[in-house]
Amino acid sequence: MPPPESFPIETIFVPTKIKKTLKPEIVAEIAESMLDIGQQTPISVRMDGDRLVLVEGLHRLEACKALGETTILGVLVPAEMAQPKPLLAERPEVEAERIKMARLKQLRLEKEAAEAATAGSRGNATQAPRAGSTKGLRDNAKASPVRMVKAKPKSLSDWITQQKGTGSRY
C-alpha cells in the first residue's frame, strides 16, 4: 500500500452513492476525535481522468471540512482496488447465517415452551402414572425423546408400577 499523502479537500469528488451514507453524528464524533488526537486513518482516493474520487473515508473527509481544514491525508489506490466492497450484511453467507440463527432460536423457543407445558402438566398430576401410559411411546419411532424419558419414581410402589408397565420383572 502506498504511503499516505496530503490532498486538497476541494479537489476530491464524492460520488452520490457515497454521499447518501453520510451520518452527521459520526462526522461530529470524528471531528471531536481529530481535535484531540488528529487524523489516524487516511482516506482512500482514486484517479478518474484528472480528478480525485473518494473511495473510502467520507466521514473523515467531512470532519476535516467541518474543522476548516484545506487538506486531508489520503492514499491513492488503483481503480481495481477501488471496487466497492459489499457490506457485511449484504454478503450471501451472512444472510444464510442469519436465517440459520433465526431458525435455531425458533426451535429453542419451541422446545422451551414444550418443556414448560410438560412441567406444568406434571405439576398438576396428583395420581401416579398409569402402568400402560408409556407403552405406545416406547415402540413409536416418531415419539419425542422428551416423552420417552420416564420420571423418577417417588416411591417403591411407583417404581413397581413403572416396571410392570415396561414388561420387566423387577
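Of the residues that make up segment 33-41, is at least one over 18 Å from Leu73 (Cβ atoms) and in the same structural domain as Val75 (by TED's automatic domain parsing)?
Taking segment 33-41 as the starting set, the residues that turn out to be over 18 Å from Leu73 (Cβ atoms) are none.
No, segment 33-41 contains no residue that is over 18 Å from Leu73 (Cβ atoms) and in the same structural domain as Val75 (by TED's automatic domain parsing).
Kindly provide the set of residues from segment 2-17 that are within 18 Å of Leu73 (Cβ to Cβ) and assigned to a helix (DSSP H, G or I), ordered by number. Give the derivation first.
Filtering segment 2-17 down to residues within 18 Å of Leu73 (Cβ to Cβ) leaves 2-14.
Of everything in segment 2-17, those that are within 18 Å of Leu73 (Cβ to Cβ) and assigned to a helix (DSSP H, G or I) turn out to be Ile9, Glu10, Thr11.
Considering each residue of segment 34-80, count those that are without any contact (Cβ under 8 Å) to a residue 24 or more places away in the chain and not in a strand (DSSP E or B), and give that number. Spell out how you get there, then give the answer.
Residues of segment 34-80 that are without any contact (Cβ under 8 Å) to a residue 24 or more places away in the chain, as a first pass: 36-38, 40-41, 49-50, 56-57, 68, 80.
This time we only want the ones that are not in a strand (DSSP E or B), so: 36-38, 40-41, 49-50, 57, 68, 80.
Residues flagged as without any contact (Cβ under 8 Å) to a residue 24 or more places away in the chain and not in a strand (DSSP E or B) within segment 34-80 amount to 10.
Consider Ala89 carefully, then state whether it is in a helix (DSSP H, G or I), at pLDDT 70 or above and not basic (Lys, Arg).
Working: in a helix (DSSP H, G or I): yes; at pLDDT 70 or above: no; not basic (Lys, Arg): yes.
Against the criterion (in a helix (DSSP H, G or I), at pLDDT 70 or above and not basic (Lys, Arg)), Ala89 does not qualify.
The values are calculated or read from the model by the stated rules, or taken from the named source; none is laboratory data. What you are looking at is a predicted structure, and each value in this text was computed from that prediction instead of being measured. Ideal geometry is used to build each Cβ from the backbone, glycine not excepted, and the neighbour counts take in all protein chains shown.
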